Amino acid sequence: MKSTSLLALVLVLTSVSMAVAAPLGRYQHGTVIRMRMGDCMLMHGGFMTAFGPPQAAANEGVCPEYTLLADKVVFIIVGKTSNQLMPLAEVVDFRFQKKELAVRVDDERHESKFAIKEMTLRSEWEMIQRHIEDELSDRPHRDLETSMALRNR
């Protein structure tokens, strides 16, 4: 009798520990590389708010918008309220949940839900970033060449 109840207790504890550990395996890792404050209105109202007739400004406010760099995808995510803040240059755990991204920072038990504004393949995002950097680094030379050409006229 004791061995049966002990076996049952071990099975219960094992299944509980597996149930707790199972969600951890579904998380992916990413780094928060950029943050800006943006308008919350589009995230709460969806399609009708964005393209429908003007509505009362009940949802106005600023919400944090983050760029989350994962292994293969770069996400632009938006918080639902202005107090959903994440530290920059921090590795976070995230998973998809009902058209949103559930994010955990520093092994917290609590997840914060963020709306996905944009998703881009990391390779394409890096190519765009290199192009922007090239344009910015070439700009002083082009401005100087343009001013010299105008002076010579």
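The values are calculated or read from the model by the stated rules, or taken from the named source; none is laboratory data. These figures come from a predicted structure and were not determined experimentally. All Cβ positions, glycine included, derive from the backbone under ideal geometry; neighbour counts span all protein chains shown.
Which residues, counting only those in the range 64-78, are surrounded by 13 or more Cβ atoms within 10 Å (Cβ to Cβ) and either at pLDDT below 90 or closer than 23 Å to residue 121 by Cβ (or both)? Lay out the reasoning, then the answer.
The first filter runs over the range 64-78 and keeps only residues surrounded by 13 or more Cβ atoms within 10 Å (Cβ to Cβ), leaving 64-70, 73-78.
The answer is 65, 66, 67, 68, 69, 70, 73, 74, 75, 76, 77, 78.
Among the residues of the range 90-113, those identified as under 17 Å from residue 80 (Cα atoms) and among the hydrophobic types (A, V, I, L, M, F, W, C) are 94, 96, 101, 102, 103, 105.
Sort out which residues of the range 100-117 are at pLDDT 85 or above and not polar (S, T, N, Q), and write them in order of number. Listed by number, the residues that qualify are 100, 101, 102, 103, 104, 111, 113, 114, 115, 116, 117.
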